[in-house]
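Have a look at the structure below before the remarks.
The values are calculated or read from the model by the stated rules, or taken from the named source; none is laboratory data. Predicted, not measured: the structure shown is a model, and the values here were computed from it. Neighbour counts run over all protein chains shown; Cβ positions are idealised from the backbone, glycine included. All accessible areas refer to the heavy atoms of the entire protein, side chains included, with ligands and DNA or RNA removed. Shrake-Rupley method; radii C 1.70, N 1.55, O 1.52, S 1.80 Å.
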Amino acid sequence: MKTFKFPARHGYAVEISPFIPTRLACATSQYYGIAGCGTLLVLEQTETGIALVKSFDWNDGLFDVTWSESNEHILLTGGGDGSLQVWDTANPQPGPLQVLKEHTQEVYSVDWSQTREENLVVSGSWDRTAKVWDLSRGGQSLCTLQGHEGVIYSTLWSPHIPGCFASASGDGTLRVWDVKTGRCRLAIPAHKAEILSCDWCKYDQNVIVTGAVDCSLCVWDLRNVRQPLSRLRGHSYAIRRVKVMKHSFSPIHHTRAGGIASCCVCFHRLWDYSRTEQPLLETLEHHSEFVCGLDFNLQIPNQVVDCSWDETVKIYTPLCLAAPPPSAR
């Protein structure tokens, strides 16, 4: 396990670069995001540890980060002052390239579209709105989508369907939006509690997973949302982040992509939702505070990165994802 310590900053989100598999970014805040400033950390994984490449400071807490899908140097963060900040790691100047300010409360989620022929960003805010931006067209949003009755904690583009994103809210609903029409395509009363995170399955366009304050994960098939495909219980605290993956080795090797990671206080868990019995694969406890950020490395198999309020980023391979030993001949 590799660890990077960032004193006086509490980790909120971490994401691996889509261009450089050893590079990652972490959005952090002072004083647990309640007050103070924020810092964006750009880190590089080495053979022996994790090194700081560059850091950018902002005058409010930073709650999320996403890499550009078209430029390896560009990142976007969401801040506690309601703004989005565009950063360039190749720029010798310390400040952001661009600041987008339309939200009236904290921007808690940002995501860059992964589908071809799009260069769109979506942001979700505690002002209960989601906004879509095209950064090449200046500092104004393309559209504002309203409908949630609670704060928005998570907004994520579909990796399959252009112009489509999902949002998770404190009102307990998961919504799927169509940017072209500016309307909500689907509203799912997914939990009877605040939903803090959601993630699309990258291997099945109909599957989304939600994690909530009720300590449960729900796996949804958008073709039939009357009840979840699976409901996973086992956490004792609110689930802060969920990520879906597919794995090539047993035990996560099925016709349906079944791997999920979820995190809350001090630890995170890995699940196989295609299992009807004993879906929990592994529990990892290597933090001393809330684990808020989580990502899988799609270019380095089986590698996971997370960040925590305990002022650390960690990179590791869970035992359940490690390759099995070669069979004896």
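Tabulated results
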| item | result |
| --- | --- |
| Aspartates and glutamates whose Cα lies under 14 Å from that of Lys202, excluding same-chain neighbours fewer than 8 positions away | Asp221, Asp295 |
| Equivalent ellipsoid semi-axes, the stretch 1-144, via Cα gyration tensor eigenvalues times 5, rooted, Å | 23, 19, 13 |
| With eigenvalues of the C-alpha gyration tensor scaled by 5 and rooted, the stretch 168-246, Å | 20, 15, 11 |
| Accessible area of the stretch 72-165 divided out per residue, in Å², using a probe of 1.4 angstrom | 40 |
| Amide hydrogen neighbours beyond the local backbone of Leu281, cut-off 5 Å, H modeled | Leu270, Trp271, Asp272 |
| Residues whose placed amide H lies under 5 Å from that of Ser158, excluding near-sequence neighbours | Cys164, Phe165, Ala166 |
| Vicinal HN-Hα couplings computed from phi for the stretch 299-314 (Karplus, 6.51 cos²θ - 1.76 cosθ + 1.60; Hz; Gly/Pro x) | 9, 10, x, 6, 8, 10, 10, 9, 9, 9, 5, 7, 6, 9, 10, 10 |
| Share of carbon and sulfur in the accessible heavy-atom surface of the chain [1.4 Å probe, %] | 47 |
| Heavy-atom surface of the stretch 1-65, accessible at 1.4 Å and reported per residue (Å²) | 41 |
| Equivalent ellipsoid, the chain (semi-axes from 5 times Cα gyration tensor eigenvalues, Å) | 28, 25, 19 |
| Members of Lys131/Lys192; Lys54/Lys180; Lys180/Lys243; Lys2/Lys131; Lys54/Lys243 lying beyond 32 Å, as alpha-carbon distances in this model show | Lys54/Lys180; Lys2/Lys131 |
| Convex hull (Cα only) mean projected area of the stretch 24-97, reported in nm² to one decimal | 5.3 |
| Area of Tyr31 that stays accessible when all protein chains are in place (1.4 Å probe, Å², to 10) | 140 |
| Other-chain or far-sequence residues with amide H under 5 Å of Lys54's (modelled H) | Val42 |
| Cα-centred dipole magnitude for the chain, charges only on beta-carbon of K, R (+1) and D, E (-1), debye, nearest 20 | 860 |
| Rounded, prolate or oblate (a/c below 1.5 giving rounded, otherwise prolate when a/b exceeds b/c) for the stretch 18-61 by Cα gyration tensor | prolate |
| Inter-probe distance in nm under a simple model that places probes 7 Å from Cα toward Cβ, at Gln140 and Ala322 | 5.6 |
| Residues Val99 and Thr3, FRET efficiency given R0 of 45 Å [Cβ-Cβ distance, rounded to 0.05] | 0.90 |
| Pairs of alpha carbons in the stretch 122-195 whose separation is greater than 16 Å (percent) | 44 |
